Amino acid sequence: MTEDVWQAVDGYFSGLLLEPDPVLDAALEANALGGLPAIDVSPAQGKLLHLLASSIGARRILEVGTLGGYSTIWLGRALPPDGRLVTCEIDPHHAEVAMSNLAMAGLAEIVDVRVGPATDSLGALDAAVDGPFDLTFIDADKASNVEYFRHALRLSRPGSMIIVDNVVRAGRVADAGSTDASVLGTHRLTEAVAREPRVSATAIQTVGTKGYDGFLLALVR
């Protein structure tokens, strides 16, 4: 199997199961015009996030790593009118593009973009005031994933879902001798999750338009 096949399969299913969406297309175009890296989740992955949030009736969502707001739009659309989404972005320019995209998507009133290092933004959140969050999506610098996970768990409730993207690293996660910071961050995350009695978790490998990767999903007990 080759990446061309993975992309063709993604295109087949997306063409049938995902409706045309000018708002999401415009967000990706705005990201490109703004010079943002093309590292957004794929349309199929965005729809999966939307379905997961919808399936648990999420009212409050936390996102770590906004980029241009593409995944934020998918998640925000799963919320009820009185829902809330807090998303953390370290880069002010990325956050500016995201806020414009979110306004275009009609989500500006329910999405709170926090600008600055995610550890600082997460540390400032109070579970009793800002949470609990029903779903957390973590898609930021991989070296800090364990810190992000611990904050997400602190801000969750029993039944909350925590999703961490890009944990397979094209298979490099299985290299015990790796010196790559993202792989080492994934090792620390997975080991911390394995030791954590408050969650039940799994990891799934994926292929598609984003290449070979995968995500970790944890359910708070």
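Contact annotation: residue pairs with Cβ atoms under 7 Å, 6 or more positions apart or on different chains, pairing a residue in the range 176-189 that is among the aliphatic types (A, V, I, L, M) with a partner that is open to solvent by 60 Å² or more (accessible area, probe 1.4 Å), are VAL183/ARG172; VAL183/ASP175. Scanning the range 158-175 for residues that are in contact with an Asp or Glu (Cβ under 9 Å, 6 or more places away or on another chain), within 19 Å of GLY123 (Cβ to Cβ) and either open to solvent by 40 Å² or more (accessible area, probe 1.4 Å) or free of Cβ contacts under 8 Å to residues at least 60 places away in the same chain (or both) turns up just one, VAL164. Annotation note: of ALA152, ALA176, the sole residue that is hydrophobic (A, V, I, L, M, F, W, C) and more than 16 Å from the chain's Cα centre (by Cα) is ALA176.
Inspect all residues belonging to the range 22-39 and state whether any of them is touching a strand residue (DSSP E or B) at 6+ places or on another chain (Cβ under 9 Å) and buried (at least 18 other Cβ atoms within 10 Å of the Cβ). No, every residue in the range 22-39 fails to be touching a strand residue (DSSP E or B) at 6+ places or on another chain (Cβ under 9 Å) and buried (at least 18 other Cβ atoms within 10 Å of the Cβ). All conditions in (1) in contact with a Leu (Cβ under 7 Å, 6 or more places away or on another chain); (2) part of a loop (DSSP other than H, G, I, E, B) hold for MET1, with the sole exception of (1).
One line per residue, one yes/no per condition, for (1) among the charged types (D, E, K, R); (2) assigned to a helix (DSSP H, G or I); (3) over 30 Å from ALA128 (Cβ atoms):
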{"residue": "GLY159", "(1), (2), (3)": "no, no, no"}
{"residue": "VAL164", "(1), (2), (3)": "no, no, no"}
{"residue": "ALA170", "(1), (2), (3)": "no, yes, yes"}
{"residue": "SER178", "(1), (2), (3)": "no, no, yes"}
{"residue": "THR186", "(1), (2), (3)": "no, yes, yes"}
{"residue": "LEU189", "(1), (2), (3)": "no, yes, no"}
{"residue": "VAL193", "(1), (2), (3)": "no, yes, no"}
{"residue": "ILE204", "(1), (2), (3)": "no, no, yes"}
{"residue": "VAL207", "(1), (2), (3)": "no, no, yes"}
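Taking the range 62-71 as the range and being among the β-branched types (Val, Ile, Thr) and farther than 21 Å from GLY214 by Cβ as the test, only THR66 passes. Among the residues of the range 124-133, is any of a type outside the set (Phe, Trp, Tyr), within 16 Å of GLY65 (Cβ to Cβ) and open to solvent by 50 Å² or more (accessible area, probe 1.4 Å)? For the range 124-133, residues of a type outside the set (Phe, Trp, Tyr), within 16 Å of GLY65 (Cβ to Cβ) and open to solvent by 50 Å² or more (accessible area, probe 1.4 Å): absent.
The values are calculated or read from the model by the stated rules, or taken from the named source; none is laboratory data. Since the structure is predicted, the reported quantities are computational estimates derived from the model, not experimental observations. Note that each Cβ is placed from the backbone with ideal geometry, even for glycine, and that neighbours are counted across all protein chains shown. Heavy atoms of the whole protein, side chains included, go into the accessibility calculation; ligands, DNA and RNA do not. Shrake-Rupley method; radii C 1.70, N 1.55, O 1.52, S 1.80 Å.
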